[in-house]
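These notes are about the structure you will find just below.
The values are calculated or read from the model by the stated rules, or taken from the named source; none is laboratory data. Only a predicted model underlies this, so the values are computations on that prediction, with no experimental measurement involved. Using ideal geometry, Cβ is built from the backbone for each residue, glycine included, and neighbour counts are taken over all protein chains shown. Areas reflect the complete protein model, heavy atoms only, side chains present, ligands, DNA and RNA absent. Shrake-Rupley method; radii C 1.70, N 1.55, O 1.52, S 1.80 Å.
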Amino acid sequence: QYIQSYYDTETPHRLAPHIRDVDNGLFFLRTNAENGPVAVHCRRGKSRSVAMGIAFLVAANPGIRIVYILEHVKKIRPIAAPNILMIQHAD
């Protein structure tokens, strides 16, 4: 699903997520997920938090195909539209 939004790669913007934001988020999740569940959220729970959650799940589960992770996320959050720029940063 390709979603164009204000913060995607097609429209550079000063508020767009930076690669260091994704790095910091993944570090936080890796560090804190060892102690139990961690909530990932953003204002609408649709784009940035979904992208960060997917990035973490992919990194934490290298043996699972990405398509299965995406299907799982879409079941949990049907309105999910991952922020494309954050996904590219995570890749």
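For the stretch 25-55, trypsin sites (Lys or Arg not before Pro) meeting the loop criterion (DSSP other than H, G, I, E, B) and having at most 16 other Cβ atoms within 10 Å: Arg43, Arg44. Principal semi-axes of the equivalent ellipsoid, √(5λ) from the alpha carbon gyration tensor of the chain, are 20, 16, 12 Å from largest down. With the helix formula -39500 (n - 2.57) applied to DSSP H stretches of n ≥ 4, the chain reaches a computed 222 nm mean residue ellipticity of -15500 deg cm²/dmol. Summed over all non-identical Cα pairs, the Kirkwood treatment of the stretch 41-91 gives a radius of 10.8 Å. Axis of helix 48-60 versus longest Cα principal axis of the chain: the two differ by about 40°, to the nearest ten degrees. Using heavy atoms of the protein chains and a probe of 1.4 Å, the accessible area assigned to Ile79 is about 90 Å².
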